[in-house]
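The values are calculated or read from the model by the stated rules, or taken from the named source; none is laboratory data. Every value quoted in this text rests on a predicted model; they were computed, and no experiment measured them. Here the Cβ positions follow ideal geometry from the backbone for every residue, glycine too, while neighbour counts run over all protein chains shown.
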Amino acid sequence: MIKYKQFTDTMAASFYENPDLKRERQSCNFDKDEITNLIDGNVEKTKYRRELVEYILSDPSLKDPIPVEYLSHEEKYAAELKKACLLVQKMREPVPKEAKFETLRKRQENGKPLDIGVGPSSVILKEGNALGLHFVMFIPAIIGQGSTEQQNKWLPRALNLEIIGTYAQTELGHGTFLRGLETKATYDPDTKEFILETPSLSAYKWWPGGLGKTSNYAVVMAQLYTKGKCEGIHPFLVQLRDETTHEPLPGIFVGEIGPKLGLNSNDNGYLGFDRVRIPRDQLLMKHSQVLEDGTYVKPKSTKLGYATMVYVRVFIVQDMAQVLRKAVTIATRYSCVRHQSELKPGEPEPQILDYKAQQNKLFPALAASFAFHFAAEKVWNLYHLATENIGKGDLQMLPDLHGMSCAMKALSTSETAKFVETLRQSCGGHGYMVSSGFPRLYGIATASETYEGENTVLWLQVARYLIKTRMDGSGGQSVAYLIGSNLPDNKAVDLSLDGIINLFQRVAAGYVDLAMKELAEHGRQGMAPYDAWNHSAVQLIKAAQAHARYLVADCFVRSVKEDKLSGPVRSILNELCEFLLIYWLFAELKTEHLSQLQAKYMELLSIIRGYAVNVVDSFDIRDEALGSVLGCWDGNAYQRLFDEALKSPLNRNAVHRESFEKYLKPLMKSKL
Ligand SMILES: CCCCCCCCCC/C=C\CCCCCCC/C=C/C(=O)SCCNC(=O)CCNC(=O)[C@H](O)C(C)(C)COP(=O)(O)OP(=O)(O)OC[C@H]1O[C@@H](n2cnc3c(N)ncnc32)[C@H](O)[C@@H]1OP(=O)(O)O
Ligand SMILES: Cc1cc2nc3c(=O)[nH]c(=O)nc-3n(C[C@H](O)[C@H](O)[C@H](O)COP(=O)(O)OP(=O)(O)OC[C@H]3O[C@@H](n4cnc5c(N)ncnc54)[C@H](O)[C@@H]3O)c2cc1C
């Protein structure tokens, strides 16, 4: 028998590279850096990210002494918070004078702080971190909802982490239906204060990230009452804990909600108020105000108060592209090194990557990771343009931004969750191990389907926009194809990318019309409009999903056409784009079109097989960031699986003495 230790000595040496992966890499015929730069944004951004990741990973104090999965709930929180705090501190210190950190040092010398961002922070914070909401929602809420004065007062403190905040909106009783929130903020003109009150159990805030133990402030969404009238939900900046002792302030009931399916290092929390008073100027007043005498000044649109959610929906699309890149890197590399079964009788076991059925599991996800990357870029640009216009008082782009951000958030999260599960299955039993990295990625993708607007609810928001556009022609750019004379023509199927986009529009427009027919039919039968809407929900959601696929597909096609790509990378992206478009069409089309597309799909599977490993290499994800024994760059999967298993506390001794003596032995010795 060959003992485990012998393998460690020989195969885990740093020069090891699995021969199957090596062969794929030797046949690479495109510039991997070009794809890396494309994803980062440009060459300089790649250089910056690589240096930053190296800087973070080279710090021993930021390493996990043991895998966090072996820690208790409490230890997990403490360990990840420690890393997050050390990371923030590290970003403030001067970078050492080493050539490998030159870009970072120059940035600091030019007075620019090191910006941690989503990618680099996730290199060491993989289980959801307690400071995430501070950066992703608390600060954006102050910027998006606070007046200039309020921003001047609170932003510097928040940016310096002198105060740490979260976004407290969801309650035990209501998450989706914001008009139903119960937390009250009643204005008292005598003291010029708001009184915050949690009137029932269901009114307790429930879920906010970092609320349980970490945050000492929160942006709290509450129903605003002034002069005896409810003006709807508004954002209030509320101090929760003493800034020195961190003890909850009088009247504040705050705690943590317990273990979840994933993201367990984040202390999601609950919060209640017992007549807590805050000054008038802690209502965030960019869009609406309460004057000293209690007069309410309306916003230009009541939906401006929802802007922080729109921002995060846009952010999530980017996050999903990142999650997909990780998942598909793991599964593709593992499929390259794993050999199983027999393809040709009597021949050696093939790489599982050579099975068409396996390619069919991997390559749609590979293609989708690019599609969501480009979609995220587009909706991010739209967000900035719309916000700039809103700042000038022009709200025209608001409905299109809402429609597009809902559509892209819902599609990117639902597809990513589905793909991560398929990719896990593609790694067989080993994919089920925590050390494969899939459970963590699945935890993030499924949470994203729910938070920041549950997907079904967002699909119905998209459908509302589509139906309205079809009826009165009022929609913006993203739905222009649904308006009167712009409707896509019914020409025969043409397999060019533009032809397929036309087909996507036809499919989406067809579903919208079917939903309209259904609504009208219910109306004719005497149903009230809201009942007809409920009865047509299945069809409405189909229309919204087809529209979202069209939006993302269209972005992909346009991005591939941009001139900045070299010939080889352009053809790879072109093939991946065509492949994804056909994959999505399969779900929608009737049989007459299928055979035409099936042959093309199978041909593309073979083409993509040729470069898949090199494309995932070009995602440039360091092993430490990937966090997967199956997906490491060297392909040494079995060795790493074994190394990880030996870290289990159950392997410390050959016999688990206490349980053997106390339970197992007496059981085995006892007689019936
Ligand atoms: C060291 C540490 C370093 C850290 C570094 C930082 C990096 C961190 C790493 C982070 C990594 C990843 C990023 C992801 C992180 C994400 C974290 C997220 C955590 C989760 C937070 C939350 O979940 S917050 C709570 C979110 N809640 C929701 O989304 C609620 C959903 N519900 C709604 O939005 C509304 O209620 C709904 C839209 C469903 C209905 O609203 P209602 O008022 O009832 O409106 P309707 O009647 O349906 O419609 C009326 C009209 O209004 C239009 N409309 C609705 N919403 C909007 C809108 N937002 N904008 C514009 N218009 C809107 C609607 O279309 C109707 O229009 P019409 O013309 O009348 O048809
Ligand atoms: C990991 C995580 C982190 C979170 N972080 C935060 C945070 O930081 N701050 C915060 O405020 N909140 C946070 N949330 C809460 C989150 O925003 C809500 O859970 C989410 O918006 C869904 O609301 P809900 O839980 O009330 O679900 P519900 O709305 O009760 O949904 C239950 C079901 O009802 C269906 N449903 C509801 N309304 C309709 C409708 N109109 N038509 C058809 N079907 C409908 C839904 O589709 C779903 O199937 C977080 C949640 C999670 C899971």
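Quick notes
- Strands (runs of 3 or more DSSP E) fully within region 239-311 that include at least 3 residues being within 26 Å of Thr450 (Cα to Cα): 252-256, 269-273.
- Set Leu576, Leu540, Leu581, Leu514: member being assigned to a helix (DSSP H, G or I) and more than 29 Å from the chain's Cα centre (by Cα): Leu514
- Qualifying residues in region 393-414 (those that are among the charged types (D, E, K, R) and assigned to a helix (DSSP H, G or I)) - the one farthest from the chain's Cα centre (by Cα): Asp400
- The listed residues are Leu604, Leu597, Leu641, Leu589, and the only one of them that is assigned by TED's automatic domain parsing to the domain that holds Tyr355 and within 25 Å of Gly431 (Cβ to Cβ) turns out to be Leu604.
- Of the helices (runs of 4 or more DSSP H) lying entirely inside region 601-672, those containing at least 2 residues that are acidic (Asp, Glu) are 623-626, 637-645.
- Residue check for Leu441: part of a helix (DSSP H, G or I), closer than 30 Å to Leu626 by Cα and within 13 Å of ligand 1 (Cβ to nearest atom): yes
For every residue, the table says whether it meets (1) loosely packed, with under 14 Cβ neighbours inside 10 Å; (2) in contact with a Pro (Cβ under 9 Å, 6 or more places away or on another chain).
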site: Met433; (1), (2): no, yes
site: Ala445; (1), (2): no, no
site: Gly484; (1), (2): yes, no
site: Phe504; (1), (2): no, yes
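- Every residue from region 611-654 that is closer than 28 Å to Val43 by Cβ and without any contact (Cβ under 8 Å) to a residue 60 or more places away in the chain: Asp623
- One residue stands out in region 306-321 among those that are under 15 Å from Leu411 (Cβ atoms) and β-branched (Val, Ile, Thr): the one that is nearest to ligand 1 (Cβ to nearest atom), namely Ile316.
- Listed by first and then second residue, the pairs with beta-carbon distance under 8 Å, at least 6 apart or on different chains, first residue in region 138-160 and more than 19 Å from Leu240 (Cα to Cα), second small (Gly, Ala, Ser), are Gly144/Ala307; Gln145/Gly305; Gln145/Ala307.
- Set Ala417, Ala371, Ala367: member being touching a residue at least 24 places away in the same chain (Cβ under 8 Å), in a helix (DSSP H, G or I), within 16 Å of ligand 1 (Cβ to nearest atom) and buried (at least 16 other Cβ atoms within 10 Å of the Cβ): Ala417
- Among the residues of region 166-189, those that are within 13 Å of ligand 1 (Cβ to nearest atom) and of a type in the set (Gly, Ala, Ser) comprise Ala168, Gly175, Gly180.
- Residues that are within 11 Å of ligand 1 (Cβ to nearest atom) and surrounded by fewer than 17 Cβ atoms within 10 Å (Cβ to Cβ) within region 95-138 comprise Asp115, Gly117, Val118, listed in sequence order.
- Among the candidates Ala130, Ala185, the residue that is over 28 Å from Arg49 (Cα atoms) and among the hydrophobic types (A, V, I, L, M, F, W, C) is uniquely Ala185.
- Residue tally, condition within 16 Å of ligand 1 (Cβ to nearest atom) and touching a helix residue (DSSP H, G or I) at 6+ places or on another chain (Cβ under 6 Å), over region 190-210: 2
- Thr176 meets all of the listed conditions (1) surrounded by fewer than 17 Cβ atoms within 10 Å (Cβ to Cβ); (2) of a type in the set (S, T, N, Q); (3) farther than 26 Å from Gly128 by Cα but one, namely (3).
- Of the candidates Glu243, Glu182, Glu231, the single residue that is over 26 Å from Ala78 (Cα atoms) and more than 14 Å from ligand 2 (Cβ to nearest atom) is Glu231.
- Qualifying residues in region 444-455 (those that are within 10 Å of ligand 1 (Cβ to nearest atom) and assigned to a helix (DSSP H, G or I)) - the one farthest from Ala520 (Cα to Cα): Ile444
- Annotation: of all residues in region 185-228 being within 15 Å of ligand 2 (Cβ to nearest atom) and of a type in the set (Ser, Thr, Tyr), the one that is nearest to Ala78 (Cα to Cα) is Thr214.
- Any hit, region 236-254, residues being of a type in the set (Lys, Arg) and surrounded by fewer than 17 Cβ atoms within 10 Å (Cβ to Cβ): no
- Pairs with Cβ under 7 Å, 6+ apart, first in region 254-271 and in contact (Cβ under 8 Å) with a residue 24 or more places away in the chain and among the hydroxyl-bearing types (Ser, Thr, Tyr), second within 15 Å of ligand 1 (Cβ to nearest atom) and in a strand (DSSP E or B): Tyr270/Lys205; Tyr270/Trp206
- Elements of type strands (runs of 3 or more DSSP E) in region 121-204, at least 3 residues being closer than 25 Å to Asp274 by Cβ and of a type in the set (A, V, I, L, M, F, W, C): 193-197
- Scanning region 293-305 for residues that are within 14 Å of ligand 1 (Cβ to nearest atom) and either within 23 Å of Asn381 (Cβ to Cβ) or basic (Lys, Arg) (or both) yields Lys300, Ser301, Lys303, Leu304.
- Selection count where residues are surrounded by fewer than 15 Cβ atoms within 10 Å (Cβ to Cβ) and closer than 30 Å to Leu458 by Cβ, scope region 145-173: 1
- Exactly one residue out of Gly499, Gly453, Gly475 is away from ligand 2 (no atom under 16 Å from the Cβ), small (Gly, Ala, Ser) and touching a residue at least 60 places away in the same chain (Cβ under 8 Å): that is Gly475.
- Condition check for Gly473 on (1) near ligand 1 (Cβ under 10 Å from one of its atoms); (2) at positive phi: one failure, at (1).
- Just so you know, in region 568-610 the residues that are among the small types (Gly, Ala, Ser) and at pLDDT below 95 include one that is nearest to Phe372 (Cα to Cα), and it is Ala587.
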